[in-house]
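Please treat every number below as a calculation from the coordinates, not as lab data. Nothing here was measured: the structure is a model prediction, and the numbers come from that model. Counting neighbours? That spans all protein chains shown, and the Cβs are built from the backbone with ideal geometry, glycine included.
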Amino acid sequence: MMEMDLRIDTRMVEGIPILHLSGEVDAYTCPFFREAMLDTIENGSPSMVINMDDVEYIDSSGLGTLVGGLKRASEKGGKIALVCNAPQVRKVFEITGLEKVFAMFETEEEAANNLASLAKENQA
């Protein structure tokens with residue numbers, strides 16, 4: 001049995017789920033990551049913050065999983081905000097143009113507040 005190189009800690013801030021990732025997001029860990037995202041979308045909140053500050057590496061399958069999660073969240077009326085200050089990971093988003101697709105923030109609080117205010121606007 002292969003050891004997971006990805007850890008996901010989930011907690012709530014302002015009623016918004018925060019998924020804090022640590023480790024590598026690649027072909028081996030993506031099924032675990034996808035399951036955590038979809039479980040949050042289907043059973044809790046269609047919007048979430050994904051904190052990638054402790055991600056050491058992300059490959060194309062990791063990016064694809066994120067885009068798939070965003071698509072599912074959008075279908076349910078939600079959004080995914082990213083916290084991504086790790087330079088090696090941020091660079092991947094810049095090179096692929098995905099920093100324009102995802103709302104990116106410097107802190108979990110900024111990201112959660114943004115999603116909470118969007119949720120309030122949608123309810124009005």
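Here are a few things to note about the model shown:
- Restricting the stretch 86-112 to residues that are among the acidic types (D, E) and under 13 Å from the mean Cα position of the chain (by Cα), the residue that is farthest from L21 (Cα to Cα): E99
- Any pair with Cβ under 6 angstrom, 6 or more apart, that starts in the stretch 18-38 at a residue that is farther than 18 Å from V83 by Cα and ends at one that is part of a helix (DSSP H, G or I) and of a type in the set (V, I, T): C30/T65
- Among the residues making up the stretch 75-89, those that are surrounded by 16 or more Cβ atoms within 10 Å (Cβ to Cβ) and either among the acidic types (D, E) or over 20 Å from S45 (Cα atoms) (or both) are C84, A86, V89.
- Taking first residues from the stretch 42-69 that are within 17 Å of V101 (Cβ to Cβ) and touching a residue at least 12 places away in the same chain (Cβ under 8 Å) and partners that are loosely packed, with under 15 Cβ neighbours inside 10 Å and polar (S, T, N, Q), the Cβ contacts under 7 Å between residues at least 6 apart in sequence or on separate chains come to L63/T96.
- Test result for E99, touching a Phe, Trp or Tyr at 6+ places or on another chain (Cβ under 6 Å), without any contact (Cβ under 8 Å) to a residue 24 or more places away in the chain and surrounded by fewer than 20 Cβ atoms within 10 Å (Cβ to Cβ): yes
- Reported count of residues in the stretch 1-41, each being under 23 Å from N113 (Cα atoms) and part of a helix (DSSP H, G or I), is 6.
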